[in-house]
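Just below is one structure, and these are the notes that go with it.
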Amino acid sequence: MQAIRDRVSARTYRHTQNQSLAALLTSMNRALAGWATYFRHGASKRTFNAIDHHAWNRIARWLLRKHGIRRSQLRRFCDHGWRFADGEVTFTGASSVAIVRYRYRGARIPTPWTIEPAARRG
């Protein structure tokens, strides 16, 4: 988790304020989606939400520094609710990746020892 947090922090550091919000969101979405796809096997919903929370706060602080605005004015950079957007690009985060858990297949694997009921035989 610390590695992806460091990557998010590096992408939203002061020296990246010369890029547009769309470029930042695209870069963040790619990094978070790739990381979440790798770690989606298992119980990772809480982890994905924690990473999204960290990324959202870093983007908010990046916007505050870039535009010199108050926190109450962040709403103008959001589309639905508090989701950051710029044109066609929206912040999706790690939570948008579906979690795929390992399923036990034992009941679906046919076995040669299955006994057929007497009524079917004949």
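The values are calculated or read from the model by the stated rules, or taken from the named source; none is laboratory data. Quick caveat, the model's predicted, so the values are computed rather than measured. Positions of Cβ are generated from backbone atoms using ideal geometry, with glycine treated the same way; all protein chains shown enter the neighbour counts.
Summary table below
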| quantity | calculated |
| --- | --- |
| Among the residues listed as Ala3, Ala33, Ala43, the single one being surrounded by 12 or more Cβ atoms within 10 Å (Cβ to Cβ) and either closer than 30 Å to Tyr102 by Cα or out of contact with any Pro (no Cβ under 8 Å at 6 or more places or on another chain) (or both) | Ala33 |
| Qualifying residue in region 67-74 (condition: at pLDDT 90 or above, surrounded by fewer than 15 Cβ atoms within 10 Å (Cβ to Cβ) and among the β-branched types (Val, Ile, Thr)) | yes |
| Failed condition for Thr37, given (1) touching a strand residue (DSSP E or B) at 6+ places or on another chain (Cβ under 9 Å); (2) in contact (Cβ under 8 Å) with a residue 12 or more places away in the chain; (3) part of a helix (DSSP H, G or I) | (1) |
| Failed criterion for Ala60 (all others in (1) in a helix (DSSP H, G or I); (2) more than 19 Å from the chain's Cα centre (by Cα); (3) at pLDDT 90 or above hold) | (2) |
| Total residues in region 66-94, condition under 27 Å from Phe39 (Cβ atoms), in a helix (DSSP H, G or I) and of a type in the set (Phe, Trp, Tyr) | 0 |
| Residue in region 2-13 that is in contact (Cβ under 8 Å) with a residue 40 or more places away in the chain and small (Gly, Ala, Ser) present | yes |
| Flag for Ala10 being outside any loop (DSSP other than H, G, I, E, B), farther than 18 Å from Ser95 by Cβ and hydrophobic (A, V, I, L, M, F, W, C) | yes |
